[in-house]
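A quick write-up on the structure given underneath.
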Amino acid sequence: MKGSIQIDKERCKGCVLCIDFCPEDCIRLSEELNLKGYFVVVFDDGKGCTACRSCALMCPEVAIEVSKS
Ligand code: SF4
Ligand code: SF4
C-alpha cells in the first residue's frame, strides 16, 4: 500500500520521534522554523511510505495525518 502524510508544521516541535519510528525513512528534519521557533520535519514522497501510521501514532503533538493512495 502506498501512502503519504501531512504534517501540521505549527504543531510540530521537532522532537524527531516520527523520524525514529518511520520504517521507510520517509521523514527528515528540515531547516525551516515554525512560528514557535522549532525546526519542523518534512515528508519525502519518494521514499516509499506504506501508510503504516507509526509516525502519526508516535507524534506527541498529533501533528501528522496519514493518507492512503
Ligand atoms: S513526532 Fe510530531 S512533533 Fe515530533 S518531530 Fe515528528 S511531527 Fe514533529
Ligand atoms: S505512515 Fe509509516 S511509512 Fe509513512 S511516513 Fe509514517 S511511519 Fe513512515
Quiz item: List pairs: first in segment 16-27 and farther than 17 Å from Val62 by Cβ and at pLDDT 95 or above, second among the hydroxyl-bearing types (Ser, Thr, Tyr) and more than 6 Å from ligand 2 (Cβ to nearest atom), Cβ under 9 Å, 6+ apart or cross-chain?
Solution: Cys26/Ser4
Quiz prompt | Pairs with Cβ under 6 Å, 6+ apart, first in segment 47-61 and within 11 Å of Pro23 (Cβ to Cβ), second assigned to a loop (DSSP other than H, G, I, E, B) and at pLDDT 95 or above | solution = Lys47/Glu24; Lys47/Asp25; Lys47/Cys26; Gly48/Glu24; Cys49/Glu24; Cys49/Cys26; Cys55/Cys22
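The values are calculated or read from the model by the stated rules, or taken from the named source; none is laboratory data. It should be emphasised that the depicted structure is a prediction, and the values quoted were computed from it without experimental measurement. When we count neighbours, we look across all protein chains shown, and the Cβ atoms used for this are built from the backbone with ideal geometry, even at glycine.
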